[in-house]
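The values are calculated or read from the model by the stated rules, or taken from the named source; none is laboratory data. Keep in mind that this is a model prediction, so the values were computed, not measured. Quick reminder, even Gly has a Cβ in these numbers, built from the backbone with ideal geometry, and neighbours come from all protein chains shown.
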Amino acid sequence: MFITVIEESPAALAEYGRVSIAFLVTHRYRVDCVRGGLGGLALVEESVAPYIKDYDVRSGGPARWASRWDVTCWGILAAYTHGKRVGGAVVARTTDELVITGPRADSAVLWDLRVDPVFRHRGIGQMLFSRVREWSIQNGCRRLEVETQNTNVPACQFYARQGCELVLIDRQAYEDECDEARLVWAQTLT
């Protein structure tokens, strides 16, 4: 399968959002207190009753981002095969409220990464992540951060495989989602 990744303008965000980000949750990471680990915390994988998680339902999706933030310094990357959009990634730069570990002029945030469910597990996410790194470096960033949740075990495993380190666990981040913890991954860019 031949995949092309291109950069698009923020005007493409509505079209970008037509690729589903929804996924089936079957496992989550329980955050346990232990000796050692990340500040005395450890992630323990456990099964849960299956359900669908769709980040776009609550937020309104990518079509609404330009009304919430200045997206002019963002990178919008799209993956295509045979003229069909099959995925994308959005990297935010100079949007201080999105830098998870505190405002840093040299940080970029991988705000969104999505692959059409039919095309998942074919290397498209890895290709997009690589392009996010390249885009961030080309735009003067020295650090890349990404937020996910303990309910997105595949994403956590994916970011770890890409060389990201877990730098923050926040069990109180989502007031209305009592079973979710925010997990922040980061990578130094060279």
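Please find, among Q126, Q172, Q162, the residue that is surrounded by fewer than 14 Cβ atoms within 10 Å (Cβ to Cβ), in contact with a Phe, Trp or Tyr (Cβ under 9 Å, 6 or more places away or on another chain) and not hydroxyl-bearing (S, T, Y). Steps first, answer last, please.
On the way: Q172 fails: in contact with a Phe, Trp or Tyr (Cβ under 9 Å, 6 or more places away or on another chain); Q162 fails: surrounded by fewer than 14 Cβ atoms within 10 Å (Cβ to Cβ).
Unique residue meeting the criteria: Q126.
With at pLDDT 95 or above, over 15 Å from L43 (Cα atoms) and in contact with a strand residue (DSSP E or B) (Cβ under 8 Å, 6 or more places away or on another chain) as the only criterion, which of V153, V132, V109 stands out? Break it down stepwise before answering.
Details: V153 fails: over 15 Å from L43 (Cα atoms); V109 fails: at pLDDT 95 or above.
Exactly one residue qualifies, and that residue is V132.
Is it fair to say A78 is farther than 16 Å from T148 by Cα and in contact with a helix residue (DSSP H, G or I) (Cβ under 9 Å, 6 or more places away or on another chain)?
Yes, satisfied.
Would you point out the residue of region 135-146, among those that are in contact with a helix residue (DSSP H, G or I) (Cβ under 9 Å, 6 or more places away or on another chain) and of a type outside the set (A, V, I, L, M, F, W, C), that is surrounded by the most Cβ atoms within 10 Å (Cβ to Cβ)? Of everything passing the filter in region 135-146, E145 is surrounded by the most Cβ atoms within 10 Å (Cβ to Cβ).
Among the criteria (1) assigned to a loop (DSSP other than H, G, I, E, B); (2) surrounded by 13 or more Cβ atoms within 10 Å (Cβ to Cβ); (3) more than 15 Å from the chain's Cα centre (by Cα), the one T151 does not fulfil is (3).
Give, as residue ranges, the strands (runs of 3 or more DSSP E) completely inside region 1-72 that count at least 1 residues that are of a type in the set (K, R) and surrounded by 11 or more Cβ atoms within 10 Å (Cβ to Cβ). Reasoning before the result, please.
Values: elements: 4-8, 23-38, 41-53.
Once the strands (runs of 3 or more DSSP E) in region 1-72 are filtered for at least 1 residues that are of a type in the set (K, R) and surrounded by 11 or more Cβ atoms within 10 Å (Cβ to Cβ), what remains is 23-38, 41-53.
In region 131-148, which residue that is in a strand (DSSP E or B) and of a type outside the set (A, V, I, L, M) is farthest from the chain's Cα centre (by Cα)? So, considering only residues that are in a strand (DSSP E or B) and of a type outside the set (A, V, I, L, M), the one farthest from the chain's Cα centre (by Cα) is R143.
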